[in-house]
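Just so it is clear, none of the values below were taken in a lab; they were calculated from the coordinates. These numbers come from a predicted model, not from an experiment. Heads up, the Cβs are rebuilt from the backbone with ideal geometry, glycines too, and the neighbour counts pull from every protein chain shown.
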Amino acid sequence: MPTALMVVVIVIAAAVLAGLGYLLWRQARTHRLRSRFGTEYDRAVERHNGRAGAEHELMERERHHRDLDLRELEPARREEYRAWWTGLQERFVDEPVAAVADADKLVTVVMTERGYPTGDFDANVRELSVEHGRTLDHYRRGHALGARAAGGGASTEDLRQAMVHYRALVEDLLAVPERERADAPKVRPAEATRPDSPIQSAEPARDTARRS
């Protein structure tokens with residue numbers, strides 16, 4: 001094979017391999033971002049009308065997240081917030097609208113103590129999306145139902161669903177870090193529910209929604 005032709009073949013092969021490598025890298029990046037951000041990935045794609053802009057935005061969120069001085073809660077503080085949540089569940093019976101509003105406040109308070117910048121709801125969503133993307137849709141739904149309740153347009157069932165959604169995020173925010181689990185004594189979950197509590201688990205709530 002002439003030298004010039006061999007050079008052309010090598011250049012073409014190198015270009016094909018480089019293109020294949022880039023494609024595989026893009027697929028791996030997409031998979032990682034989908035896994036990390038959950039439904040936030042799909043929202044970003046819709047907002048940017050495509051993956052390129054969405055993935056750029058989500059990677060910017062990751063870079064911002066790395067610059068934050070985040071800290072885990074002390075075990076005693078975690079228990080205090082769990083007690084706060086339990087109190088909200090009990091308050092829900094008599095004051096459901098106020099309980100839902102305070103559930104939203106609890107999220108912001110825990111975020112602040114852990115070192116997240118806080119602002120309006122959309123700002124909080126952006127800050128939480130990197131570390132808590134898998135439960136962020138619960139935050140969105142709980143907040144939307146709470147806003148409806150504040151305007152007087154929510155039923156008791158809407159309010160119960162709001163508490164179910166907030167509970168999922170509160171659990172995530174108060175989860176014991178993996179490095180502490182081996183040595184930590186067993187503790188009850190953040191939303192351990194008494195048999196007479198009106199707040200039920202998220203799974204039955206979804207089943208009810210599908211049947212309705």
Here the FRET efficiency for LEU70 versus ASN49, based on Cβ atoms and R0 = 30 Å and rounded to 0.05, is 0.40
Hey, what do the phi angles of region 129-139 turn into as Karplus ³J(HN,Hα) couplings, whole Hz, using 6.51/-1.76/1.60 and θ = phi - 60°, x for Gly and Pro? 4, 6, 9, 10, x, 6, 10, 5, 4, 4, 4
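Suppose the chain between VAL9 and PHE121 were pulled fully straight at 0.36 nm per residue; how much longer would it get relative to their current alpha carbon spacing?
Numbers: separation 112, 0.36 × 112 = 40.32 nm, distance 5.60 nm.
Contour length minus Cα-Cα distance gives 34.7 nm.
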Simple label model, 7 Å out from Cα along Cβ direction - ALA150 to ARG91, nm: 1.5 nm
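Set the Förster radius R0 to 41 Å, insert the Cβ-Cβ distance between ALA98 and ARG29 as r into 1/(1 + (r/R0)^6), and round the FRET efficiency to 0.05. Show your work: numbers first, answer last.
Numbers: r = 44 Å, r/R0 = 1.07.
Efficiency, from the Cβ-Cβ distance: 0.40.
Charges at C-beta only: +1 for Lys and Arg, -1 for Asp and Glu. How large is the resulting dipole of region 12-66 about its Cα centre, in Debye rounded to 20? Spell out each step's value before the answer.
Numbers: 11 positive and 7 negative charges, 31 e Å.
Approximately 160 debye in magnitude.
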Among VAL107, PRO96, ALA144, which residue has its Cα furthest toward the positive end of the charge dipole of region 78-178, with +1 on Lys/Arg Cβ and -1 on Asp/Glu Cβ? ALA144
Approximate shape of region 12-66 as ellipsoid semi-axes (Cα gyration tensor, √5λ), whole Å, largest first: 25, 12, 10
Listed residue (TYR81, LEU24, GLY53) projecting farthest to the positive dipole end of region 16-83, Cβ model: LEU24
For q values of 0.21, 0.24 Å⁻¹, compute log₁₀ I(q)/I(0) with the Debye formula on a Cα-only model of region 1-99, without solvent. -1.00, -1.11
In region 6-72, which trypsin sites (Lys or Arg not before Pro) fall in coil by DSSP and have 16 or fewer other Cβ atoms within 10 Å? ARG71
For VAL109 and GLU79, calculate 0.36 nm times their separation in residues minus their Cα-Cα distance, and state this gained length in nm to one decimal. 9.4 nm
